[in-house]
Amino acid sequence: MHRYILLSLALAACVPDSGDEGILILKNVAPGDNCAVDPATSEVGITHGELSSVIPTQYQFIAQMKSKITALEGQEDQRTVFATGANVDLTFPDSTLFDAATLTRLKDTGVTHFRTLFAASIAPNGGLADAGFEVTTRALYDEIYAVAPDAKVANGTRFALEVVATITVTGTMGGDAVASQPYAFPIRIANDTLLTSVGACPLPMGTTVTYGNTCNRPQDAPISCCSTANGLMCPPTVVP
């Protein structure tokens, strides 16, 4: 049996045996300026993530979580859920990039099977909370580069890999274990997405540039780059 790995340490995860999850993951929230979020059903959700394979990073997932726990008046504090982290499994549907032995090794070593920590409280009676955490690992890039070196080159031989992160948030309520339903979120990692070279560094004063995602630049939003002798610089330098 595989265990979830937190960094390099094994950590067992507790989930309820009944399958009656107390937390509902509703969406991956699109952050506002300065990575701001404001838990509400009106928040815009991201339905498919994007990462540049050229800039190694970890995908920042912002889970909007809803409590399925009910509480009578005066019992709200005792029935508040305290989320403590998430168990994450990465799979690669329809991909032959990794063979079966490699997939087993990646799972056993925590590259595709791990636990990520965060803290959030979710009030009962339909309360909402947003929390951000990583759902991919930096080590995954090293594994990709080992078998597909073109992945680290922008505008070279096309590379794209579809990854599905299956996320289960866990926590406690009054000392009892609480978990969410498994939430499957697709992420495309590719060298033909997000990065745009707009000239040699430094760019002229007044050049319009985009700076990517406000929580994690090389994901989900275009980011401008300038070219140097050693490759792209993203975001670019601009003459002051």
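Please work out the C-alpha center-to-center distance from region 59-76 to region 226-240 and express it in whole Å. When both Cα centres are located, 43 Å separates them. DSSP finds beta bridges in region 5-190, and of those with both partners inside it, around 90 percent are antiparallel. Candidate values (i) 16.6, 47; (ii) 17.0, 52; (iii) 20.0, 65 were compared with Rg and Dmax of the Cα atoms in Å computed on the shown model; the agreeing label is (iii). The order of R79, R105, going from fewest to most other C-beta atoms within 10 Å of their C-beta, is R105, R79.
From most to least packed by mean Cβ count within 10 Å, the peptides 121-131, 185-195 give 185-195, 121-131.
Listed by chain and number, the lysines whose C-alpha is less than 29 Å from the C-alpha of K27, apart from same-chain residues fewer than 8 away, are K66, K68, K107.
Each residue in S42, S53 was given a count of other beta-carbon atoms within 10 angstrom of its own, and listing them fewest first yields S42, S53.
Measuring r between the beta carbons of F82 and Y145 and using R0 = 41 Å, the FRET efficiency lands at 0.60. Across region 220-236, rounded Karplus estimates of 3J(HN,Hα) from the backbone phi angles (6.51 cos²θ - 1.76 cosθ + 1.60, θ = phi - 60°) give 6, 8, x, 10, 7, 9, 10, 9, 10, 5, 9, x, 7, 10, 9, x, x Hz, Gly and Pro being marked x.
Treating only the Cβ atoms of Lys and Arg (+1) and Asp and Glu (-1) as charged, compute the dipole magnitude of the chain about its Cα centre; round to the nearest 20 debye.
Numbers: 13 positive and 23 negative charges, 101 e Å.
I would put it at about 480 debye.
Taking the charge dipole of the chain about its Cα centre, with +1 at Lys and Arg Cβ atoms and -1 at Asp and Glu Cβ atoms, the residue from S180, T84, G231 reaching farthest to the positive side is G231.
The numbers here are math on the coordinates, done by the rules we state, and not lab data. These numbers come from a predicted model, not from an experiment. Using ideal geometry, Cβ is built from the backbone for each residue, glycine included, and neighbour counts are taken over all protein chains shown.
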